[in-house]
Structure formats: structure tokens, C-alpha cells
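Engineer: Dumping the structure here so I can ask a few things about it.
Since every read-out is calculated from the coordinates, none of them should be taken as a lab result. Computed from a predicted structure; not experimentally measured. Methodologically, a virtual Cβ is constructed for each residue, glycine included, from the backbone with ideal geometry; neighbour enumeration extends over all protein chains shown.
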Amino acid sequence: MQFLVGTLTSAEGPAVSTIAKENKIVLIAPIPKTDQLTSDKNLHPYVFRTAANTTMEGRSAAEIIAKWTDVKKVATIAHDYAYGQDVAKSFVEHIKKLRPDMEIVDQQWPKLGEADYTPFINAQMAKKPEAVFSAMWGGHFVTWAKQAKPLGFFDLVKNKVVNGGEAGSVEAVRALGPDYPFGIYGNSYDLASYEGQSETHKKYIDRIKAFTKEDPPSTWPITVYVAMQFLVEGIKKAGSTDSDKVAKALLDLTIEAPFGKQTLRASDHQADRGQFYGKMVKGPDGNAIMTEVRYVDPRPFM
């Protein structure tokens with residue numbers, strides 16, 4: 001094996017990276033976000049990341065909340081492992097820089113895989129935050145949202161919640177249906193349609209629809225699609241499938257991804273990958289749709 005594209009969680013990514021280093025296998029991580037994967041301590045010639053990292057995601061959320069001038073008291077909730085710890089840390093550091101007048105009144109740390117978030121929700125509500133940054137993701141976001149909504153959590157904060165972890169993804173929307181906490185702000189790696197999308201993106205969406213028979217299609221395939229684009233272009237640039245040659249070819253490599261140009265920085269093997277953020281409101285079919293959409297370019301604060 002010379003190449004590996006994958007791992008899902010931020011717990012798995014660094015562990016697999018160690019094995020990739022020992023065996024000189026090029027690892028391109030399309031989903032794990034923890035900064036630890038490509039930190040100075042863990043960076044090596046064979047690991048690359050095409051996902052947004054926790055610094056980028058935490059700071060993106062801070063950029064949104066910082067603009068809410070009526071908010072002074074902020075809370076966070078994130079799982080107690082690499083991704084949750086890192087993204088919450090990045091959020092707090094950046095919000096304090098942008099809005100020194102904001103106070104972090106509470107931080108909740110449920111374990112990964114928690115089934116009952118009620119104690120964490122009640123504890124956070126008791127601190128009466130005016131806005132919340134949540135890093136709940138995937139099925140965890142679904143469980144947390146279903147438990148928080150009937151407790152009045154979203155009413156308390158007047159829906160001033162920015163939820164990372166792809167809370168704006170098709171998967172999260174479909175899983176929650178009418179139980180979605182409409183009014184919060186969510187993010188997504190991709191959107192089937194948005195103002196100003198390119199012809200390249202439209203063609204990509206058409207291909208995904210045809211393959212999955214879903215409309216709108218899943219927002220997740222683009223993560224591995226882009227990682228594979230980098231690998232293919234790296235092999236072409238190297239003119240070889242030799243791991244060392246491809247690893248060098250990936251440094252500062254720029255590709256034309258469906259959403260635009262993306263570059264893998266040589267300095268930290270991190271792609272300049274932004275995400276779509278927007279307000280999630282009830283759509284015509286009763287499911288949540290993203291409005292006020294903007295692609296948050298992370299380059300100014302990577």
C-alpha cells in the first residue's frame with residue numbers, strides 16, 4: 001500500500017497517521033479536523049488534510065457570533081475528545097480577540113457517544129447564556145437537538161446557536177425532519193444549490209444525484225472526492241506512484257475543486273478548505289434549509 005484516503009473521527013486520524021509515518025504511506029485525511037493531526041509535534045512528510053481543521057471551524061463560528069452586538073454571555077458544548085477540545089479552544093480564543101466584552105459563562109463536555117445530554121443541557125441553561133457555540137456532529141447533533149428542543153434550550157438563547165459539525169448537512173436535516181431546531185446557524189461542506197455556484201459545481205451535483213438517486217444529494221461525498229482529486233493530481237505531478245515523490249508533489253499543490261481552487265499548504269500540509277454557513281429555517285417540505293448562505297473563507301485566519 002502506498003496511499004490511504006480516510007478515517008472519520010479526530011480520535012482515529014492521529015492514530016492512523018502514526019502508522020502511515022512508520023510505513024511511509026501517504027495519508028490524505030478528508031474528514032478528521034483536530035489540529036493535533038498536523039500540529040508541529042505530529043506533522044510528518046506523509047500526512048495531509050483536505051478537511052477544515054478545528055482552528056478554522058472554531059474561528060469561523062466566532063466570526064459569526066462576534067457580529068451579534070446584543071450578545072455578551074456565551075457558552076460552548078463539545079465532546080470531551082480531540083475534536084471537541086480543539087474546536088472549543090479555537091472558538092474561545094478567537095471570540096475573545098474579536099469581542100473582549102463577551103464572557104464565556106459555561107462550557108459543557110459530554111463524553112463522545114453520550115446518550116443522555118439532559119444533565120449537560122440543564123446545567124448550561126442554568127447559566128443563562130445569550131448565545132452558544134455547539135460542536136455536536138452527526139448522530140450526536142441529532143440526539144442533542146432532540147433532547148434540547150423540548151427543554152426550551154433554543155428558546156432561551158433565542159436560536160442564537162452556531163453549530164459546527166455539519167449541522168447544516170443534508171444528513172442532519174433529514175434525520176431531524178420537523179424536530180430540527182429551526183433558526184440556528186449550521187454549517188456544511190457542500191450545498192446542492194447556492195447563489196453564484198460554478199458550472200463545475202453544478203456538473204458535480206448532477207453526477208452525485210445520478211449516482212445516489214437523491215435530491216438533494218448527500219453533502220459528504222465531496223470530502224473524499226476532493227481528497228482523491230489531490231491524490232490523482234499529486235501522482236500526475238510526480239509522474240510516479242512512489243510515496244516519497246507523491247508526498248513532495250502534494251506540497252503547495254492547487255486543484256480546481258467543485259467549489260473553486262484549493263491549495264495544500266506546504267507549511268502544515270493543510271488545505272485552505274472553508275465551509276458554508278447559514279441560518280437554518282423551515283423549507284417548503286417541512287425540513288430545514290440553509291438561508292443567508294455564505295462560504296466562510298478560512299485563509300484570513302488559518
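Engineer: Report the dimensions of the stretch 78-231 along its three principal axes from the alpha-carbon atoms, largest first, rounded to Å.
Structural biologist: Each principal axis gives a Cα extent; for the stretch 78-231 these are 48, 35, 29 Å.
Engineer: If you don't mind, another one. State, to one decimal in nm², a quarter of the convex hull surface area for the C-alpha atoms of the chain, i.e. the direction-averaged projected area.
Structural biologist: Details: hull surface 61.4 nm².
Mean projected area of the Cα convex hull: 15.4 nm².
Engineer: Next up: Relative to 2.2 N^0.38 Å, what does the C-alpha radius of gyration of the stretch 1-133 come to as a ratio? Two decimals please.
Structural biologist: On the way: Rg = 17.1 Å, N = 133, 2.2 N^0.38 = 14.1 Å.
Ratio of Rg to 2.2 N^0.38 Å for the stretch 1-133: 1.21.
Engineer: Could you tell me how many cubic angstrom of Cα convex hull volume the stretch 170-247 has per residue?
Structural biologist: Values: hull volume 11.0 nm³, N = 78.
Dividing the Cα hull volume of the stretch 170-247 by its residue count gives 141 Å³.
Engineer: I would also like to ask the following. If I take every Cα pair under 8 Å that is 6 or more residues apart in the stretch 24-63, average their sequence separation and divide by the length, what percent do I get for the relative contact order?
Structural biologist: Relative contact order, the stretch 24-63: 46 percent.
Engineer: Please report the relative contact order for the stretch 182-253, taking Cα pairs under 8 Å with a sequence separation of at least 6, and give it as a percent rounded to a whole number.
Structural biologist: Details: 38 pairs, mean separation 17.3, N = 72.
Result for the stretch 182-253 is 24 percent.
Engineer: Sticking with this structure for a sec: Provide Rg and Dmax in Å for the stretch 159-302, with only Cα atoms included in the calculation.
Structural biologist: Every Cα atom of the stretch 159-302 included, Rg and Dmax give 17.0, 52 Å.
Engineer: Taking the Cα centroid of the stretch 209-243 and of the stretch 1-75, what is the distance between the two, rounded to the nearest whole Å?
Structural biologist: 18 Å
Engineer: Additional query: What is the chain's relative contact order, in percent, from Cα pairs under 8 angstrom and six or more apart in sequence? Before the final figure, lay out each step's value.
Structural biologist: Details: 610 pairs, mean separation 54.2, N = 302.
RCO, the chain: 18 percent.
Engineer: Provide the FRET efficiency to the nearest 0.05 for the residue 200-residue 39 pair, computing r from the beta carbons and using R0 = 30 Å. Write down the numbers at each step before the final one.
Structural biologist: Values: r = 33 Å, r/R0 = 1.10.
E between residue 200 and residue 39, to the nearest 0.05, is 0.35.
Engineer: Starting from the stretch 198-302, pick out the trypsin sites (Lys or Arg not before Pro) whose DSSP state is loop and whose Cβ has at most 13 other Cβ atoms within 10 Å.
Structural biologist: Details: sites: 202, 203, 207, 209, 213, 236, 237, 245, 248, 261, 265, 273, 279, 282, 294; in loops: 213, 265, 273.
Filter output for the stretch 198-302: 213.
Engineer: Okay, moving on. Going down the table (158/261; 33/67; 97/128; 67/209; 41/146), which pairs top 29 Å between alpha carbons? Kindly include the intermediate steps, with their values, before the conclusion.
Structural biologist: Numbers: 158/261 37 Å; 33/67 25 Å; 97/128 22 Å; 67/209 36 Å; 41/146 39 Å.
With Cα atoms farther than 29 Å apart: 158/261; 67/209; 41/146.
Engineer: What share of Cα pairs, in percent, lie more than 18 angstrom apart in the stretch 234-297?
Structural biologist: Working: 1121 of 2016 pairs.
More than 18 Å apart: 56 percent of the Cα pairs in the stretch 234-297.
Engineer: Next up: List the equivalent ellipsoid semi-axes of the stretch 61-129 in whole Å, largest first, each obtained as the square root of 5λ for an eigenvalue λ of the Cα gyration tensor. Don't skip to the end; give the middle numbers.
Structural biologist: On the way: eigenvalues 98, 45, 12 Å².
For the stretch 61-129, the semi-axes come out at 22, 15, 8 Å.
Engineer: Right, something else. Most exposed first by the Cβ proxy, i.e. fewest other Cβ within 10 Å, how do 86, 285, 179, 272 rank? Walk me through the intermediate numbers first.
Structural biologist: Details: 86 24, 285 8, 179 13, 272 17.
Arranged by neighbour count, lowest to highest, 86, 285, 179, 272 become 285, 179, 272, 86.
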